[in-house]
């Protein structure tokens, strides 16, 4: 019982670090799911739009962008806070593709992808917080060694 | 019955919305489909379903995006505001209820294209 109290105390004491870890993990997972889902949606012609669908985070993780070969896309240029992520597509015809024009039929890829990511029973962020709580407290100076 | 019928009926019944768009073949240019007729170049409204439909246990939710088109920024703003005011927190036919979000105006991508001001409408139905 005493040990249980001690663990609980440690968890609460380190909650800021623990919650930031969990939020970052959840935000990253959500960004990956949205990017992956959006790449399967919408039409493909030259591949530029699909190559440009990407996410960036405020904690140094990014992905989805394919600027290596073929139709080269540019990187999302946006400043974010520590616990934020952004998803977007940098191709110049991304907006007309998503929303359509009076002459061109829309082929939405971003909004359905977000709907897919948020449609699960529990949000990725809530899931990550629960997981982090189960793994116990981090002592000052320690960090998780798993993929994040 | 994917929400567009209710949205279109509500917009056609609103005199401010009808006055804000033009007429084509004597009818207001409000279309319950993706595209505007190619021969018509005036102010217009089209709509489509952009997100998955949620059947729900008690209420169904449909996501309808209403695109407002005009050559001028000020005109497209006027149409979008009229659409928002006509739909947001109002009831429609078939026991429906609308909740709206007005998105930023999208400028023309090419010369000859129109400004587009999308209004996202969540249609909840029994």
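Peptides B:53-59, A:129-135, B:79-85, B:64-70 ranked from most to least packed by the mean count of surrounding Cβ atoms within 10 Å: B:64-70, B:79-85, A:129-135, B:53-59. Remark: mean inter-chain Cβ contacts per residue of A:102-114 equal 5, using a 10 Å Cβ-Cβ cutoff to other protein chain atoms.
What is the packing order of peptides B:89-99, A:53-63, taking the mean over residues of other C-beta atoms within 10 Å and listing the highest first? Intermediate results must be reported in sequence, preceding the final value.
Details: B:89-99: 15.2, A:53-63: 18.4.
Packing proxy ranking, top to bottom: A:53-63, B:89-99.
Packing, as the average of other Cβ atoms within 10 Å across residues, places the peptides B:10-21, A:74-85 in the order B:10-21, A:74-85, highest first. For the Cα trace of the protein assembly as shown, dividing Rg by the Kirkwood Rh returns an Rg/Rh value of 1.08. Averaged over the residues of B:43-50, the number of partner chain Cβ atoms lying within 10 Å of the residue Cβ comes to 3.
The alpha carbons of the range B:4-125 occupy a box of 47, 29, 23 Å along the principal axes, longest dimension given first. Here, the range A:2-134 has an Rg and a Dmax of 18.4, 70 Å when only alpha carbons are counted. Mean partner shielding of peptide A:94-101, defined as the number of other chain Cβ atoms within 10 Å of each residue Cβ, is 6. Taking the longest Cα principal axis of chain B as reference, the axis of helix B:73-87 is set at about 20 degrees.
Every number here is computed from the coordinates shown, using simple stated rules; none is lab data. Just so you know, these numbers come straight off a predicted model, no measurement behind them. Cβ atoms come from the backbone with ideal geometry, glycine included; neighbour counts cover every protein chain shown.
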